[in-house]
Structures are given as C-alpha cells and as structure tokens.
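Presented below is the structure to which this report refers.
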Amino acid sequence: MTAVADVGLRERAQEEIGRSLAEGLPEDDAEARAWALLVDLVDEENRRRVLSQDPPFSPDERTATAQELFNQFFRLGPLQPLLDDESIEEVIVNAPDRGFLVRAGGAKEEIHPGFASDEEVRSLLARIIVRAGRRIDDASPAVDVRLPDGARLHALLPPLVRRACLTIRRHRMVAESLDDLVALQTVSDELAVFRTALGPNVTGAPDSRTTRKPFAALPGVRPELSTSKATS
C-alpha cells in the first residue's frame with residue numbers, strides 16, 4: 001500500500017480536522033464535514049501543484065488521497081483498505097513495514113502495512129482503543145478490544161514486545177443453515193436429517209429452568225419452539 005498524501009498535507013489536514021471536531025458535531029455530521037474539508041484540501045493542494053509546476057494529482061489520486069486522510073482520522077488508517085476486503089479474515093502488524101494477512105481458507109500473505117513509524121502505529125492504536133473506553137500506553141501495554149464491526153483488536157507495546165504490534169481478527173459466520181454445514185462437510189447428510197427430525201428436544205443442565213435450542217434458528221429445524229421448560 002503506497003501512501004499518496006505527503007507529510008505537509010497530512011499536517012494541514014490534521015489542523016483542519018481538529019478545528020472541525022472542536023465544534024462538537026454528532027459523529028455522522030462530523031464525518032461528513034470532515035470528508036468535505038478533506039476533498040477541498042486535496043483540491044487546494046492540487047492547484048498549488050499546478051501553479052508550482054509540480055506533477056498534479058490525477059482524478060483517481062485525488063480521491064485516493066482524500067480517502068487515505070479520512071481513514072487516518074476516522075477509520076483504521078492504512079489498514080482500512082485491507083479490512084474492506086471481505087476475503088481477509090486477519091491482519092497482523094509486527095512492525096510499521098512488516099506484517100501478514102490471512103484470507104478465508106487460511107492462505108497467508110506477507111504485506112507492507114503502510115505505517116511510516118512505530119509512533120504512527122501507537123497513535124492509531126491509541127485513537128482506536130480510546131473509542132472503546134480503554135487505553136494503551138506504557139502503563140497498560142496490552143489491550144484486547146472489540147471494534148464497532150465486531151472484529152477483535154489485540155495490541156501490544158514495549159516492554160512486552162520489541163515494537164508496537166497488533167492483530168485484527170474477524171470472525172465470520174460461514175454456516176447459516178444445516179445445508180451450509182453439510183456443504184462444509186461439518187455435518188453428514190444423515191446427521192442433518194436426524195437433527196431436523198429431532199426438533200426442539202435439546203436439554204440443558206438439570207437445574208436449568210429454560211433451555212434454549214441452539215439449532216432453532218437454522219432453516220430446516222422447527223423454529224416455532226425455541227425454548228422449553230425443564231421438569232424438576
């Protein structure tokens with residue numbers, strides 16, 4: 001992943017976004033305002049390049065630059081494009097310039113995460129984790145939090161590790177029905193037929209007053225009976 005925005009543009013964007021956020025707008029409004037500001041800032045930078053006879057941004061580069069800056073302030077920075085890829089289940093960052101991704105099915109690929117420094121990794125972690133009501137710093141160098149989309153973020157800082165590192169893991173529902181389980185060869189055809197015929201007759205611990213049916217929501221199993229009273 002190659003960064004498009006240079007340091008000067010990033011600094012100007014940070015100043016503009018800081019002033020915008022100081023207005024205390026609701027989150028959705030703040031993000032919409034920030035996006036408009038970033039688009040204007042990129043257009044202004046492009047005009048400056050033209051006047052100074054530097055190579056201007058192409059239309060695609062203008063959009064990519066605004067998106068890169070937006071991700072830096074409101075999403076997961078240079079990792080966001082990876083997490084927008086539905087085929088990627090896990091992203092591992094071992095250093096600013098070294099990491100791996102794991103795709104659905106287990107294929108592992110080496111990546112350049114796109115961070116410029118350890119400080120940039122730490123800054124991203126601090127911003128993400130504070131939104132979850134936690135903190136990560138020298139006094140609390142290990143954190144595990146749930147992200148808004150349900151993914152899990154596990155992060156470590158020195159002295160627990162040599163360099164700041166993180167893992168983002170997404171758990172996907174790959175089976176939503178008995179047919180899916182059969183297709184994945186997790187359940188045999190015979191067991192699926194048996195489980196459908198079994199219906200809601202699933203019991204819990206002897207002292208449980210109500211036992212929920214773990215398969216009740218699966219197509220092919222009668223959903224009208226999701227609970228039953230245990231006899232005592």
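The values are calculated or read from the model by the stated rules, or taken from the named source; none is laboratory data. What you see is a predicted model; the values in this text were computed from it and never measured. Using ideal geometry, Cβ is built from the backbone for each residue, glycine included, and neighbour counts are taken over all protein chains shown.
Within segment 44-60, residues that are of a type in the set (Phe, Trp, Tyr) reach partners that are part of a helix (DSSP H, G or I) with beta carbons closer than 6 Å, at six or more positions or on different chains, in the pairs PHE57/ASN46. Checking each residue in segment 148-161 for being of a type in the set (D, E, K, R) and either in contact with a helix residue (DSSP H, G or I) (Cβ under 7 Å, 6 or more places away or on another chain) or surrounded by fewer than 11 Cβ atoms within 10 Å (Cβ to Cβ) (or both) picks out only ASP149.
Restricting ALA36, ALA66, ALA13, ALA30 to residues that are free of Cβ contacts under 8 Å to residues at least 12 places away in the same chain, assigned to a helix (DSSP H, G or I) and touching a Leu at 6+ places or on another chain (Cβ under 8 Å) narrows the list to ALA30. Starting from residues that are among the small types (Gly, Ala, Ser) and loosely packed, with under 12 Cβ neighbours inside 10 Å, keep the ones in segment 37-76 and report whichever is nearest to ARG12 (Cα to Cα). Checked segment 37-76; the qualifying residue nearest to ARG12 (Cα to Cα) is SER52. Quick one: would you say VAL145 is part of a loop (DSSP other than H, G, I, E, B), of a type outside the set (Lys, Arg) and surrounded by 15 or more Cβ atoms within 10 Å (Cβ to Cβ)? It is false that VAL145 is part of a loop (DSSP other than H, G, I, E, B), of a type outside the set (Lys, Arg) and surrounded by 15 or more Cβ atoms within 10 Å (Cβ to Cβ).
When only residues in segment 15-28 that are exposed (fewer than 11 other Cβ atoms within 10 Å of the Cβ) and farther than 14 Å from GLN72 by Cβ count, which is modelled with the lowest pLDDT? Top of the filtered list is GLY24. Taken over segment 89-104, the criterion of being assigned to a loop (DSSP other than H, G, I, E, B), under 17 Å from the mean Cα position of the chain (by Cα) and either crowded, with 19+ Cβ neighbours inside 10 Å or not assigned by TED's automatic domain parsing to the domain that holds LEU157 (or both) is satisfied by no residue. All conditions but one from (1) loosely packed, with under 15 Cβ neighbours inside 10 Å; (2) at pLDDT below 90; (3) of a type in the set (D, E, K, R) apply to ARG170; the one that does not is (1). Here LEU178 meets each of (1) touching a helix residue (DSSP H, G or I) at 6+ places or on another chain (Cβ under 6 Å); (2) modelled with pLDDT of 90 or more; (3) more than 24 Å from GLN14 (Cα to Cα) with one exception, condition (2).
Kindly indicate which of GLU109, GLU61 is more than 17 Å from ALA155 (Cβ to Cβ) and modelled with pLDDT of 95 or more.
When all the criteria are applied, what remains is GLU109.
Counting residues in segment 118-133 that are in a loop (DSSP other than H, G, I, E, B) and surrounded by 15 or more Cβ atoms within 10 Å (Cβ to Cβ) gives zero. Does SER117 qualify as being under 18 Å from the mean Cα position of the chain (by Cα) and among the hydroxyl-bearing types (Ser, Thr, Tyr)? The answer is no for SER117. The set of residues from segment 59-77 being within 20 Å of the chain's Cα centre (by Cα) and over 21 Å from ARG127 (Cβ atoms) comprises just one member, ALA64.
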